[in-house]
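Since the structure comes first, as structure tokens, the remarks are kept for the end.
The values are calculated or read from the model by the stated rules, or taken from the named source; none is laboratory data. Just so it is clear, the structure is predicted and the values come from calculations on it, not from any experiment. Positions of Cβ are backbone-derived with ideal geometry, glycine not excepted, and every protein chain shown enters the neighbour counts. Calculation scope for accessible area: heavy atoms of the full protein, side chains included, ligands and nucleic acids excluded. Shrake-Rupley method; radii C 1.70, N 1.55, O 1.52, S 1.80 Å.
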Amino acid sequence: MLTNNEAETLLDELFEQEALVIGGLVALHGMDDKVLCSLMRSLDDLRTSFRQRIAARAAKAADAQAAPLPKPHPAIQRFLHKLRS
């Protein structure tokens, strides 16, 4: 499983490549400046949103790992003890 930093790095690399593709298309075919600015703002908003989602999932996973496991009910413990005897 990826660490939080590894996932964020991959996400940033993806958006960097997308920006380069868009830049190449704009250089070849042109694009209205307002449209391009709007597109790049939208991509940045998406990137920020996904970085926040990555951080939230990492925090949730860390909380789940830190939570103590519940103790089994005594009846279950007795049954398991019988199985192992």
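Summary of computed values
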read-out: Cα-based Kirkwood hydrodynamic radius, region 39-85, one decimal, Å; value: 14.4
read-out: Helix-derived mean residue ellipticity, 222 nm - over the chain, DSSP H n ≥ 4, -39500 (n - 2.57), to 500; value: -29500 deg cm²/dmol
read-out: Segment Gln65-Met31, extension gain: residue separation times 0.36 nm, minus the distance between their alpha carbons; value: 7.4 nm
read-out: Residue-count net charge about Arg47 - beta-carbon cut-off 12 Å; Lys, Arg +1, Asp, Glu -1; value: -4
read-out: Net charge contributed by nearby residues that have their C-beta within less than 15 Å of Phe15 (K/R +1, D/E -1); value: -3
read-out: Degrees, to the nearest 10: 4-29 long Cα axis against longest axis of the chain; value: 20
read-out: Amide N proximity, region 27-56 versus Leu2 label position 7 Å along Cα-to-Cβ, cut-off under 20 Å; value: 43-56
read-out: Protection proxy ranking of 39-49, 21-31, 68-78 - average other beta-carbon atoms within 10 Å, highest first; value: 39-49, 21-31, 68-78
read-out: Where labels lie 7 Å past Cα in the beta-carbon direction, separation of Ser49 and Val21 in nm; value: 1.8
read-out: Cα gyration tensor of the chain - equivalent ellipsoid semi-axes, whole Å, descending; value: 52, 12, 9
read-out: Residue-normalised accessible area of the chain, expressed per residue, 1.4 Å probe, Å²; value: 86
read-out: Whole-percent carbon and sulfur share, accessible surface of the chain, 1.4 Å; value: 62
read-out: The chain, dipole about Cα centre (Lys/Arg Cβ +1, Asp/Glu Cβ -1), debye to the nearest 20; value: 1160
read-out: Helix 74-84 axis, angle to the chain major axis (alpha carbon atoms, nearest 10°); value: 80
